[in-house]
Structures are given as C-alpha cells and as structure tokens.
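See structure below.
The values are calculated or read from the model by the stated rules, or taken from the named source; none is laboratory data. Model, not experiment: these values are computed from the prediction. As a convention, Cβ positions derive from the backbone with ideal geometry for all residues, glycine included, and neighbour counts pool all protein chains shown. Side chains included, ligands, DNA and RNA excluded: accessible areas come from the protein's heavy atoms. Shrake-Rupley method; radii C 1.70, N 1.55, O 1.52, S 1.80 Å.
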Amino acid sequence: MNLRIFPPDELLQADVRLPLSKSVSARALILDALAGGDASGFEVAACDDTDAMRAALADPSLEYVNIGAAGTAMRFLTAYFAAQPGRTVRLDGSERMRRRPVAPLVEALRSCGASVDYVGEEGFPPLLIRGRRLDGGSVSIDSTISSQFISALLMIAPTMSRGLRLTLVGEPASEPYMAMTLDMMRRWGAVIDRQAEVIEVAPATYRTPGGFEVEADWSAASYWYEIEALTSGWLTLRGLTDAAHSLQGDSRCASLFVGLGVETEPEGESGGTDLVASPDVTPRFVADMSDTPDIVQTVAVSCAMLGVPFRLTGVASLRIKETDRIEALRRELLKVGVIMETEGDDCIFWESARRPVTEVPVFDTYDDHRMAMAFAPVAIYIPGTVVRDAGVVAKSYPGFWDNLREAGFTVEELPEEPAE
C-alpha cells in the first residue's frame, strides 16, 4: 500500500487517542504467562508485534512459532520457551529477523542450563528450543547490543531454581527499557536487588497484579510531537502517563522536543496531554539517544525539516533494528536534500549541507514502521509526499493513517506499482 499525503488545509487542530504501549504490553504478556494467567485482566496493544506474541503464548501445543518481524517477541519468547519444562519449539521469523543477532542471549541462557540450538546460521534465528527448569546462578552478558536480551533473561529469572545473579558487561543499551522490565517484575512479585552492573533476582512465584493497566505509547506520541513541531498547531494526545511517571524511556521526547519548539502540558484543558507551540527553537540540536533509540528517526527528520543542524550520539543499535536505520535514514533524507553524515558507529550528524530537490519525495520504508511514521509529516512542508509500503505501521501503530486523516490530513491510496 502506497500513500500520498497532503497536510490540513487549515491550522492543525486535533485530538488523538494513542495506541497502548507495545513495550509495556510485551512484558506484561510474558510475565502474565509465567504467572499462569491468560492476560484477561488487562488490555494490551493491538498491533502486529503484540498479536504475534499473544498467538505464540496462547497455544502450548505449538511446536513451530514464526513471529515474523517482531524482534521483541523473538528475544522474549526465546527465553520464555527455554524455561518451559517439557516443551520443544522451533522459533523462527522473517528473512530480516534471521539476520538480527541473538547470540548473547542464547549464550547467557545456555549458562543457565538452557537447551537452545541454531537451526541455520550460528548466532541467528531460527532456533530449536527444548524447554526445561533452568538452574540459573551467576551469568555475565554483553549489555551493549540490546536491552531486550537482558529483559528476556531477567523476566524468567524468578523461575530458575537458584535464581539469577546477572552481571552486565559494558554500558547498557537502552537502559530505560531494562528499568521498565525490573519495575514490572516487582509488580508481579519478583524480589530484585541491583547494585550498579550486578542484578540479583531471587527464586519467586509470579502473580499478576490486580488493576494493572498498560499505558499509552510514548513512541507513538513522538510522531505527533514531530507534527506539532512542524505545524505549530493545536494538538491533544489521549492516554499518556505523565513523562515524569511513565515506565517508558521514550517519554523523554517531551523534554527533547522543547528544543524543537514544543512544550508539553500533561494536564490540558480537556483532560489530555496538550502540545503547545513555542518560538524557542534551538539553533543546533545535540543529544545522546542511547536511552531512546526508537525516536532517533523522528528527531532527525524533525530537525531536518525545521532546518536545525543536529548531532545525535548513542545510535549504534539502529544498525540491527528492522532495517539498518542509519543507512535508511541517510538515504531518505537525501530525498529532501539533506546530506546526513556519520561519525564512527555511534554518531549521526547534519551541518546544514544540502543538495537541490527537484521532485516530490517518494519515501521507501524498508519494512520499518518507524521509517513510515517519521517521514509522513514531511508532507506538511512538501504536499503530495508519498510513503511506500505504508502498511508497515501495523507493527506498532495500525491506526496511524486513520489518525492522520482525523487530524485533517488527506491520505490517498495510490494504485499498485507494476512489478519490475
């Protein structure tokens, strides 16, 4: 599905109900399954990634599970199935998933007594997992690659006969996601002690807490922050937990976008979160994004369209996401004349270098939902902007295009392109 997008005819005025958090939902589903529940006590995000995990957890007789492009599901289910005594599962995914590394998690699980074998290339899915009661004990893991490896291991730790003493090696990637995991584990009854790089989890029995609710998704909110930055309109977001109290690291977008002319009023006049335009836009945007890699594209595109030079560090993990997001971002920004550069493996920057733009951009999405949503607001400055394969937003935010239409954007589906 290819879409052509035009901005609202008048000043933006929108009231948007955001989807539930994919990250919180994924953890809640695993913890609830480990507690023996059926997730009937709380609502979770309705998107492809969460659907894949729910389907995998729903039928204990499944011997083959394909989670498609759901990276969180691959990591979390690898650990979950490894800790299910007597169950054997082949866990597979899309072609891109088969190129996303999983070795640090597999090695850590094996250190705990797990039986996990590679079916194809060493270090990558698919995996053959023979579940058993894990021993646990003292384990070290490279924490620089993905916080999901750590979260996956931590969530099954209370089921291990000796518990787990986990030593993090290196500066943890996406630390807020790990903090989210620990917070939720405690809510489910885990006993945890963390001292710097060492996390100890005692054996315990999980119980799903009463009254638990999944908060709205701050990653999804970031695209509306981008839209507010580019329109200076009137925008209310529904369902968000105040950034100061949210479990989600991407709630940091509220503070990041202050530098791009967006103020946040968490208790707006109508009860939602109001985004308010401000004239105070920084002349140069500099930020360490290591804790919030999922909003790098949003921030970079916002800066580019506002003409604000930027330097973003802490981006190395973007190379192993749904696509190589750094290369994808570089290519697509060229379509609006922006020459983004890299410095080493962990920095992207733009110092206002441009080339002429001679046509309306047609953005490729690389099977990456965040590419589609980060580049869609370009239509505010360049009406008629096209986003190819726009259905990829179903991975995390299926209602995104409908929400754009409700906000006054014109979103037209284009005829299918002929096969080459």
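For the reader, a short list of remarks on this structure follows.
- In region 155-176, residue nearest to S246 (Cα to Cα) [restricted to those that are assigned to a helix (DSSP H, G or I) and not β-branched (V, I, T)]: P176
- Candidates G163, G113, G131, G137, filtered to the one that is at pLDDT below 95 and small (G, A, S): G137
- Taking the listed residues A190, A179, A204, A152, the one that is farther than 24 Å from A69 by Cβ and part of a helix (DSSP H, G or I) is A179, with no other qualifying.
- Within the span defined as region 222-229, every residue fails to be among the acidic types (D, E), out of contact with any Lys or Arg (no Cβ under 8 Å at 6 or more places or on another chain), open to solvent by less than 50 Å² (accessible area, probe 1.4 Å) and assigned to a loop (DSSP other than H, G, I, E, B).
- Criterion: modelled with pLDDT under 95 and assigned to a loop (DSSP other than H, G, I, E, B) - qualifying residue of P85, P101: P101
- The lone exception for V308 - which of (1) within 23 Å of A243 (Cβ to Cβ); (2) assigned to a helix (DSSP H, G or I); (3) not polar (S, T, N, Q) it fails: (2)
- Count of residues meeting criterion [closer than 14 Å to M155 by Cβ and either β-branched (V, I, T) or surrounded by fewer than 24 Cβ atoms within 10 Å (Cβ to Cβ) (or both)] in region 51-74: 2
- Matching residues, region 372-414, being in contact with a His (Cβ under 8 Å, 6 or more places away or on another chain) and either among the polar types (S, T, N, Q) or assigned to a loop (DSSP other than H, G, I, E, B) (or both): S396, Y397
- Every pair of residues 6+ apart whose Cβ atoms lie under 8 Å, when the first sits in region 53-76 and is on the phi > 0 side of the Ramachandran plot while the second is open to solvent by less than 60 Å² (accessible area, probe 1.4 Å): G68/A52; G68/G93; G68/S94; G68/M97
- Members of region 125-134 found to be under 27 Å from the mean Cα position of the chain (by Cα) and closer than 16 Å to A152 by Cβ, listed by number: P125, L127, I129
- Test: residue in region 30-50 that is surrounded by fewer than 24 Cβ atoms within 10 Å (Cβ to Cβ), assigned to a helix (DSSP H, G or I) and without any contact (Cβ under 8 Å) to a residue 12 or more places away in the chain: no
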